[in-house]
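Engineer: Before I ask anything, here is the structure I am working with.
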Amino acid sequence: IFSGNLRDGRYLASGSQDKTIKLWEVESGRLVRTLEGYWNPVNSVALSPDGQYLASGSKKTIKLWEVKSGRLVRT
């Protein structure tokens, strides 16, 4: 179960050439969630200071995600 907290060090977010963001459980290497919605590869990811939001960027688009639910907040 994903706690929705990337600040605790148990999870990792990665951007991918397959146009997704993946959330991983560090200890097991298990894929926890995939965030989709890009037309281009995802080049960058950044976590908000409180750990509640994840920003991601591609060639022409920046998206803001709510970490716990995986909901796209804004493009």
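Engineer: Suppose we keep just the alpha-carbon trace of the chain; what are its Rg and Dmax in angstrom?
Structural biologist: My reading of the Cα-based Rg and Dmax gives 11.4, 33 Å.
Engineer: For TYR11, TYR53, what's the largest-to-smallest order of accessible area, 1.4 Å probe?
Structural biologist: Numbers: TYR11 10, TYR53 75 Å².
Result of the area sort, largest leading: TYR53, TYR11.
Engineer: Would you mind telling me the share, in percent, of accessible area of the chain contributed by carbon and sulfur at probe 1.4 angstrom?
Structural biologist: Carbon-and-sulfur percentage of accessible area, whole number: 51.
Engineer: Moving on to the next point. Tell me, in nm to one decimal, what length is gained between SER16 and LEU47 on full extension, where the rule is 0.36 nm per residue of separation less the Cα-Cα distance?
Structural biologist: 9.6 nm
Engineer: Let's test the formula: R0 of 35 Å, r as the Cβ-Cβ distance of ASP8 and ASN40. What FRET efficiency results, to the nearest 0.05?
Structural biologist: 0.70
Engineer: Taking the full set of protein chains and a 1.4 angstrom probe, give the accessible area of ARG30 in square angstrom, rounded to the nearest 10.
Structural biologist: 100 Å²
Engineer: Give me the net charge of LEU54's neighbourhood, meaning all other residues with Cβ under 14 Å from the Cβ of LEU54; Lys, Arg count +1, Asp, Glu -1. Don't jump to the answer; show the numbers that get you there.
Structural biologist: Numbers: positive: ARG7, LYS22, ARG33, LYS63, LYS68, ARG71, ARG74; negative: GLU36, ASP50, GLU66.
Cβ neighbours under 14 Å give a net charge of +4.
Engineer: Hey, what's the chain come to in accessible area per residue, 1.4 Å probe, Å²?
Structural biologist: Per residue, the chain has 64 Å² of solvent-accessible surface.
Engineer: Another question, if that's okay. What does the charge add up to near LYS63, with Lys and Arg as +1, Asp and Glu as -1, over the other residues with Cβ less than 13 Å from its Cβ?
Structural biologist: Numbers: positive: LYS19, LYS59, LYS60, ARG71, ARG74; negative: GLU36, GLU66.
After counting each charged neighbour, the total is +3.
Engineer: Count the net charge of all other residues whose Cβ sits under 12 Å from the Cβ of GLY37, scoring Lys and Arg as +1 and Asp and Glu as -1. Can you show the working numbers first?
Structural biologist: Details: positive: LYS19, LYS63, ARG71, ARG74; negative: GLU36.
Residues near GLY37 contribute +3 overall.
Engineer: Okay, moving on. Protein chains only, probe 1.4 Å: how do SER48, SER56, SER69 rank by accessible area, largest first?
Structural biologist: Putting SER48, SER56, SER69 in descending order of accessible area: SER69, SER48, SER56.
The values are calculated or read from the model by the stated rules, or taken from the named source; none is laboratory data. In this text, all values refer to a predicted model and were calculated from it rather than measured experimentally. Counting neighbours? That spans all protein chains shown, and the Cβs are built from the backbone with ideal geometry, glycine included. To get the accessible areas, we keep the full protein, side chains included, count just its heavy atoms, and leave off ligands, DNA and RNA. Shrake-Rupley method; radii C 1.70, N 1.55, O 1.52, S 1.80 Å.
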